[in-house]
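Nothing in this text is a laboratory measurement; each read-out follows from the coordinates by a stated rule. Being a predicted model, the structure only gives us computed values, none of them experimental. Backbone-built Cβ (ideal geometry, glycine too); neighbour counts: all protein chains shown.
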């Protein structure tokens, strides 16, 4: 297993996605962010089934920067309870994973 993580975050618009992506990459909290979408999300909120168009962010970071990344996403995110899910990367290209680590070093 590596120290790298993929963090999934959904947002309501492309503008929000790009704003968050620019901030976390600029602050070295994520090495890169892929913006996917629009996607369709179906979920339960306040007792109702909701269907919304959203965008999905795939953020690449390291385990030791995750806490700061989560805090920053929470500061920037417009939702009351945003989806922020971190997945460990078990294997991957060693040169790519080294790049992720280098790009997310605390400055």
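A few points about this structure:
- Projected label points at residue 105 and residue 34, each 7 Å from Cα along the beta carbon direction, are separated by 2.7 nanometres.
- Extension gain, residue 85-residue 52: 0.36 nm per intervening residue step, less the Cα-Cα distance, totals 10.0 nm.
- Its Cα gyration tensor gives the stretch 1-69 an equivalent ellipsoid; the semi-axes, largest first and in whole Å, are 25, 14, 10.
- To the nearest ten degrees, helix 94-103 and the longest principal axis of the Cα atoms of the chain are 80 degrees apart.
- Computed [θ] at 222 nm, helices only, for the chain once each DSSP H run of length n ≥ 4 contributes -39500 (n - 2.57): -9500 deg cm²/dmol
- Against the main long axis of the alpha-carbon atoms of the chain, helix 14-26 sits at an angle near 20°.
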